[in-house]
């Protein structure tokens, strides 16, 4: 996890009191809105493609007096910091993942996360609940659920989902099997160690041993063996 920090930069020798227009990526702007409204209540916002582009734009095109940028921007652009730590949430963090083409996921550590993308079969009532039940009934916690429009028809969405656990965990694997039967498209992005090392609490009925025992019980029933307690 990486702390999120923002600074306000201007051209050299331009004071904070002279700032009326601010270039910023919309996400960064939203994260600094409280500070801006308190310290520059009459400013206007000029959207930028990225935080770095925002800083470069005040030098290159002059459409804004200042820019919201990352703290290290002064090493890459001829700008001066006029205000530090302008983010509204001092505890804000972001994360990055290392990706590769294909390959098997790393082995489970007990403190893992699994990321997937899934689509609903249609826009009928209760479809989202049906999808979420695939995880709830297996004791799989979701730490992220975000919707994005698919774009091929009105009301069609795909969902970015982070699960607590590894694809090698019985409960996660079984949930993915259920999701595959339900969803017309499931993309497995990977299972990987959690950045904070947190190990999720798993109820006894959702442990690997519980799933293995349940399968063994079913096999005994199918083979005609006496049922055991």
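Note on region 22-39: among residues that are touching a residue at least 24 places away in the same chain (Cβ under 8 Å) and over 20 Å from residue 77 (Cβ atoms), the one that is surrounded by the most Cβ atoms within 10 Å (Cβ to Cβ) is 36.
In the set 40, 63, only one residue is in the same structural domain as residue 19 (by TED's automatic domain parsing), more than 12 Å from residue 7 (Cβ to Cβ) and at pLDDT 95 or above; that residue is 40.
A quick yes/no check of all residues on (1) closer than 30 Å to residue 200 by Cα; (2) surrounded by fewer than 12 Cβ atoms within 10 Å (Cβ to Cβ):
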| site | (1), (2) |
| --- | --- |
| 9 | no, no |
| 19 | no, no |
| 62 | no, yes |
| 82 | no, no |
| 94 | yes, yes |
| 101 | yes, yes |
| 108 | yes, no |
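Considering only residues that are within 17 Å of residue 13 (Cα to Cα), in a helix (DSSP H, G or I) and touching a helix residue (DSSP H, G or I) at 6+ places or on another chain (Cβ under 6 Å), which ones fall in region 43-77? Passing the criteria: 55, 73.
Among the residues making up region 150-181, those that are within 16 Å of the chain's Cα centre (by Cα) and in a strand (DSSP E or B) are 158, 159, 160, 161, 162, 163, 164. In summary, residue 187 fulfils each of the numbered conditions (1) out of contact with any strand residue (DSSP E or B) (no Cβ under 6 Å at 6 or more places or on another chain); (2) at pLDDT 95 or above; (3) within 25 Å of residue 104 (Cα to Cα) with the single exception of condition (1). Among the candidates 72, 110, 103, the residue that is within 30 Å of residue 175 (Cβ to Cβ) and free of Cβ contacts under 8 Å to residues at least 40 places away in the same chain is uniquely 103. State whether one or more residues within region 77-100 are closer than 21 Å to residue 195 by Cβ, touching a residue at least 40 places away in the same chain (Cβ under 8 Å), outside the structural domain of residue 59 (by TED's automatic domain parsing) and more than 17 Å from the chain's Cα centre (by Cα). No, region 77-100 contains no residue that is closer than 21 Å to residue 195 by Cβ, touching a residue at least 40 places away in the same chain (Cβ under 8 Å), outside the structural domain of residue 59 (by TED's automatic domain parsing) and more than 17 Å from the chain's Cα centre (by Cα).
Within region 40-67, the set of residues being in contact with a strand residue (DSSP E or B) (Cβ under 6 Å, 6 or more places away or on another chain) and either more than 16 Å from residue 86 (Cβ to Cβ) or touching a residue at least 60 places away in the same chain (Cβ under 8 Å) (or both) comprises 44, 46, 57, 63.
The values are calculated or read from the model by the stated rules, or taken from the named source; none is laboratory data. Note that the structure is a prediction, hence the values are computed from the model and not measured. Because the Cβ atoms are built from the backbone with ideal geometry, glycine has one as well, and the counts that use them run over all protein chains shown.
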